[in-house]
Amino acid sequence: MQLNDALTQIAEIRSQIERTQVYRGYRSLPVALSGVLALGAGVLQQWLVESPLNELGLYCLIWVSAAGLSIVAAGGEIVTRYRRTVSETERARTRQAVGQFAPCLVAGGLLTTVLLTAAVSS
């Protein structure tokens, strides 16, 4: 019984340590690409969209496309790094980082969908 308690405590300690460590899987190239895409989307919006309220579909298309490309770039980097890593600790840290970030992406996508649907229907 004591061995099981000790192993459970060790697992909890490892889990706590993993939560406090900084994930270093976000590389500079995908982050820079995300910034460039955002700047490009801003410039494209200036050229193509006179009023975001009047041209909501085009406005959302520009920004959702920029976000999607950023997700693909960052996700590709994370998947590549995950596959190349042999350390189970690094892999666990990557899974944890993705698990923490994924709900934000889902919530943002749902909120955008709801707001766009409400704006179009009114």
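The values are calculated or read from the model by the stated rules, or taken from the named source; none is laboratory data. Treat the numbers as computed from the prediction; the structure is a model and nothing was measured. With ideal geometry, Cβ positions are generated from the backbone for all residues, glycine too; neighbour counts draw on all protein chains shown. Surface areas here come from the heavy atoms of the whole protein model, side chains and all, with no ligands, DNA or RNA. Shrake-Rupley method; radii C 1.70, N 1.55, O 1.52, S 1.80 Å.
Rounded to two decimal places and with Rh computed the Kirkwood way over Cα pairs, what is Rg over Rh for the chain? Don't skip to the end; give the middle numbers.
Details: Rg = 20.3 Å, Rh = 17.5 Å.
Taking Rh as the inverse mean 1/r over Cα pairs, Rg/Rh reads 1.16.
Quickly estimate the mean residue ellipticity at 222 nm for the chain, helices only: each DSSP H run with n ≥ 4 gives -39500 (n - 2.57), and the total goes over all residues, rounded to 500. Numbers along the way, then the final one.
Details: 4 runs with 103 residues, N = 122.
Helices in the chain give a 222 nm mean residue ellipticity of -30000 deg cm²/dmol.
Would you mind calculating the gained length between residue 32 and residue 117 on full extension (0.36 nm times residue separation, minus the Cα-Cα distance), in nm to one decimal?
Extra length from residue 32 to residue 117 when fully extended: 27.4 nm.
Angle, helix 56-84 long axis vs. longest principal axis of the chain, Cα atoms, 0 to 90°, nearest 10?
So the inclination is approximately 30 degrees.
Using each residue's phi in segment 91-103, evaluate 6.51 cos²θ - 1.76 cosθ + 1.60 at θ = phi - 60° and report the 3J(HN,Hα) Karplus result to the nearest Hz, with x for Gly and Pro.
Whole-Hz 3J(HN,Hα) from phi for segment 91-103: 5, 5, 5, 5, 4, 5, 5, 5, x, 7, 8, 4, x.
Can you compute the modelled spin-label distance between residue 105 and residue 64, with each label point 7 Å from Cα toward Cβ, in nm?
1.6
As I understand it, the value is the acute angle between the Cα axis of helix 28-48 and the longest principal axis of the Cα atoms of the chain; what does it come to in degrees, rounded to 10?
Once rounded, the angle reads 20 degrees.
How high is the relative contact order of segment 27-103, in percent, counting Cα pairs under 8 Å that sit 6 or more residues apart? Intermediate results must be reported in sequence, preceding the final value.
Values: 33 pairs, mean separation 26.2, N = 77.
So the answer I get is 34 percent.
In nm, give the distance between the simple-model label positions of residue 95 and residue 80, each being 7 Å from the Cα along the Cα-to-Cβ direction.
2.4
How large, in percent, is the carbon and sulfur part of the accessible surface of the chain at a probe radius of 1.4 Å? Spell out each step's value before the answer.
Details: 6010 of 9170 Å².
Looking at the chain in its full context, I get 66 percent from C and S.
Roughly how many debye, to the nearest 20, is the charge dipole of segment 35-122 about its Cα centre, given +1 on each Lys and Arg Cβ, -1 on each Asp and Glu Cβ, and no other charges? List each step's numbers first, then the result.
On the way: 6 positive and 5 negative charges, 105 e Å.
The dipole magnitude comes to about 500 debye.
Once Lys and Arg get +1 and Asp and Glu get -1 on their Cβ, which of 119, 69, 57 lies farthest toward the positive end of the dipole of the chain?
69
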